[in-house]
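Data first, discussion second: the structure below is written as structure tokens.
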Protein chains: 2
Amino acid sequence: MPAQISTLTIGSELLDGRVADTNTIYIAQKLQDYSIEVNKRVSVVDSINDIHRAFDYLFKDSEVVIVSGGLGPTSDDLTREAVSLYFQKPLLFDQHLLDGLKAKYAARKRVFDAVNEKQAYIPQGSSAVPNNVGAAPGFITTSEKKTVICLPGVPRELHSMFDETVLPYLLKKFDLGAEKQYRSFFKIFGLAESVIGARIESLMLSDKISVSYRAKFPEVHLSLKSLAPLDEISAQVRSVIGAEFIYSEDRDANLPRVVHDLLIADKKTIAIAESCTGGLIGKLLTENDGASQFYLGALSPYSNEIKNKLLGVSADTLSKHGAVSHQCAQEMAANVRRMFHSSLGISVSGIAGSSGASSGKPVGTFFIGFSSETGTRSYKFFFLSSRDLIRTYAGFKALEVVRRALKKLPPPPDGEVRD
Amino acid sequence: MPAQISTLTIGSELLDGRVADTNTIYIAQKLQDYSIEVNKRVSVVDSINDIHRAFDYLFKDSEVVIVSGGLGPTSDDLTREAVSLYFQKPLLFDQHLLDGLKAKYAARKRVFDAVNEKQAYIPQGSSAVPNNVGAAPGFITTSEKKTVICLPGVPRELHSMFDETVLPYLLKKFDLGAEKQYRSFFKIFGLAESVIGARIESLMLSDKISVSYRAKFPEVHLSLKSLAPLDEISAQVRSVIGAEFIYSEDRDANLPRVVHDLLIADKKTIAIAESCTGGLIGKLLTENDGASQFYLGALSPYSNEIKNKLLGVSADTLSKHGAVSHQCAQEMAANVRRMFHSSLGISVSGIAGSSGASSGKPVGTFFIGFSSETGTRSYKFFFLSSRDLIRTYAGFKALEVVRRALKKLPPPPDGEVRD
């Protein structure tokens, strides 16, 4: 039977409808690869009495409770006090923690308010969990068969502290390092989860292979887990899904980073002319340090006048075909490439919101233009959803057009191509 | 004190990282308008023993537990059995419920499998909660001071059943309807949570006013709740925090939308020249439908050559002061405004990653330029964090510079100004 742990998330925002508890989701997903299960999850407000009752309840079935929240500097942050009282271990001041906190504030040129000193106290005998993202350190307190691991509620702080300190601690505590699990990951863009599911089912894999899907819009991540090597099965998966849809088999990869690396490897430079996405493609392409090696910039025209006057899209194209057209997307990509003297030019023009939709071009229609030294092409796509999701989808589709071009793969099959 | 209820969400998908518990969020949001609070939330897997322990725990502080999940037809759906055993009330067959189920299947042209008959059983003395969206009815079981309300886990079924039957039931049970809760929201940008906390504490508010903070990077959201009107307290809060840091008091507002509305109200147009943020500001300013009323576009130069050749930043500025400087940010903002013929021009140039940092300009340094018909100004800021957060912070800071200019407020106090 897998080791059993539980989570206790603390904060009124979890109970008054403001935020979802994504911390338990993060922890549970990370534990999927090991023989540790989250058997219960409780949320309570910042109240010492409520935290104590939750401990009594959770420690009935769990040796370890991971707590998130209530470590901040304000008076409603009571997790430290609650753990101290529950385990009968006084809160002790730790000069080393205070020095660390002050150094963080100094590095950020922020005034260190006395109220923050609270964060340098942890229950006697606890070990600190370093926080390399935010201020408040966490701590691990153990007494007989009960261990509580306290982390901040801020998700990005909890993620890094869980990965760096808590997960290794749990694997050691439950003696789980030796067991070997084979795993394969497939990061897929351009196919629906149901289509991928049907293709995988056609393989009729042994039930000793655990298959899981995760839709992370606009991608689907597929993972396989088994106690035996997966090389043969992975080859079958690639073949049945279609290798060109799998942009990476690295668990930590993402599409912007893959395109970033391809552009550098190919010694290409790129410039962008994005309309309906407003700046998203530029933002994605500059997410990673070193983007200046390939990214020259963007001339992103939102109005037709700017498309014409600054980017040189012909008035004829705009009046005859409109800004949302093959012709306009092609002129945008070709012109931005010429203006920036880049090896590649990419453009997007589409309809993400109700203003601008017409019967021939409904909301969700967008065109991507791609220009290189071998010529200029455009693709018409359609994706009906909310404004936000249409824009995200179009931004990733543009990256996918670049990725496929650099990998010499066929263009995305759902696009209507025009040369 | 408000009436206290709690939720129990049942299903392994809530504990293995597959789905978030959105049902508690829905219920808590709906209850915000009444004097009823969700004081605890528990998730467990489908196990009679685990459900009983959760009841024991939750009924200590709550008269009512709302259960979601485990009402389906399969063998791992155990909620009915668990309630029946806990309350010592046998499951009784209800012909009326069976007729209803069969009619639903007939209307959808589905075969009614015998396994579904299970859904026509409810604990003796319970009242059924009609399900007008899906199949399984819910039920309410009461015994002395304990009431359990069982609903399906499927969110759209739970929503309609909660609205139509459960909420009216709760208001009647707790004799509410007339009682009014007062609330105030403050959406704050530009002050740390600890600073806001210290300022609020200085007000020494009565403990009848519930105060909560939520850090939603790069903002902090503050909310107050009370049974008495909050007008006077809200005025004190504005004064102690500084009204210019509060960009909205609307619960659903966000900074991009506030700037969007201000630009339209002021009949201003804007163009962007963003370097280290890569396109983020353009993306934020076009998040809402109707952005074409004010947003003309961007000329975002990532390389120095493009800053000079396309945006007209002088070679002298670039060689003497560098791209990350007051001078460059001012020329970028003024030039993009001139090129796009916009009323306003905004620019960002900074160092978000290790490439480009120097001793005088460490990572986290960024300049914002702002140009209007009255002149051009720039601000120097410093925010040390990860690449992603520096960029997000700089993007929101640029929006804040625009917001403050349009509202005729002083510029952000942490910026070193140069005219």
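Observations, loosely collected:
- Among the strands (runs of 3 or more DSSP E) confined to the range A:244-359, the ones with at least 2 residues that are within 13 Å of another protein chain (Cβ to nearest Cβ), polar (S, T, N, Q) and surrounded by 21 or more Cβ atoms within 10 Å (Cβ to Cβ) are located at A:344-350.
- For the range B:212-224, the set of residues classified as open to solvent by 40 Å² or more (accessible area, probe 1.4 Å) and outside any loop (DSSP other than H, G, I, E, B) consists of B:R214, B:A215, B:K216, listed by residue number.
- The set of residues in the range A:70-98 that are open to solvent by less than 50 Å² (accessible area, probe 1.4 Å) and within 14 Å of chain B (Cβ to nearest Cβ) comprises A:G70, A:L71, A:G72, A:P73, A:T74, A:D76, A:D77, A:L78.
- Failed item in (1) closer than 21 Å to B:A128 by Cα; (2) more than 8 Å from chain A (Cβ to nearest Cβ); (3) of a type in the set (A, V, I, L, M, F, W, C), with B:I36 passing the rest: (1)
- A:I51 being more than 9 Å from chain B (Cβ to nearest Cβ), more than 24 Å from the chain's Cα centre (by Cα) and of a type in the set (V, I, T): yes
- Residues (within 14 Å of another protein chain (Cβ to nearest Cβ) and touching a strand residue (DSSP E or B) at 6+ places or on another chain (Cβ under 8 Å)) located in the range A:394-417: A:A394, A:G395, A:F396, A:A398
- Qualifying residue in the range A:100-117 (condition: modelled with pLDDT of 90 or more and closer than 17 Å to A:L78 by Cα): yes
- Boolean, A:S371 is surrounded by fewer than 17 Cβ atoms within 10 Å (Cβ to Cβ) and among the hydroxyl-bearing types (S, T, Y): no
- B:F383 being open to solvent by less than 20 Å² (accessible area, probe 1.4 Å), of a type outside the set (A, V, I, L, M) and either within 30 Å of the chain's Cα centre (by Cα) or within 9 Å of chain A (Cβ to nearest Cβ) (or both): no
- The range A:6-58, residues that are surrounded by fewer than 22 Cβ atoms within 10 Å (Cβ to Cβ) and of a type in the set (K, R): A:R18, A:K30, A:R53
- Checked against (1) farther than 30 Å from A:P2 by Cβ; (2) more than 14 Å from chain B (Cβ to nearest Cβ), A:G134 meets all criteria but (2).
- Any chance B:K208 is open to solvent by 40 Å² or more (accessible area, probe 1.4 Å), away from every other protein chain (no Cβ under 12 Å), assigned to a loop (DSSP other than H, G, I, E, B) and closer than 30 Å to A:I306 by Cβ: no
- Any chance B:L191 is part of a loop (DSSP other than H, G, I, E, B) and either open to solvent by less than 10 Å² (accessible area, probe 1.4 Å) or in contact (Cβ under 8 Å) with a residue 40 or more places away in the chain (or both): yes
- Scanning the range A:156-168 for residues that are crowded, with 17+ Cβ neighbours inside 10 Å and of a type outside the set (S, T, N, Q) yields a total of 7.
- In the range A:392-419, residue most open to solvent (accessible area, probe 1.4 Å) [restricted to those that are touching a helix residue (DSSP H, G or I) at 6+ places or on another chain (Cβ under 6 Å) and basic (K, R)]: A:R418
- Qualifying residue in the range B:335-355 (condition: touching a residue at least 24 places away in the same chain (Cβ under 8 Å) and touching an Asp or Glu at 6+ places or on another chain (Cβ under 6 Å)): yes
- Odd one out for A:V111, checked against (1) closer than 23 Å to B:D56 by Cα; (2) within 12 Å of chain B (Cβ to nearest Cβ): (1)
- Answer residue from the range A:118-127, given it is in contact with a strand residue (DSSP E or B) (Cβ under 8 Å, 6 or more places away or on another chain) and closer than 17 Å to A:D77 by Cβ and is nearest to the other protein chains (Cβ to nearest Cβ) among those: A:A120
- Inter-residue pairs, beta-carbon under 7 Å, first of a type in the set (S, T, N, Q) and in the range B:226-248, second open to solvent by less than 50 Å² (accessible area, probe 1.4 Å), 6+ apart: B:S226/B:I209; B:S234/B:S184; B:Q236/B:L203; B:S248/B:K187; B:S248/B:V258
The values are calculated or read from the model by the stated rules, or taken from the named source; none is laboratory data. Note that the coordinates shown come from a computational prediction; the quantities given were computed from them, not determined experimentally. In this analysis, Cβ positions are derived from the backbone assuming ideal geometry, glycine residues included, and neighbour counts consider all displayed protein chains. Only protein heavy atoms, including side chains, enter the accessible area calculation; ligands, DNA and RNA are left aside. Shrake-Rupley method; radii C 1.70, N 1.55, O 1.52, S 1.80 Å.
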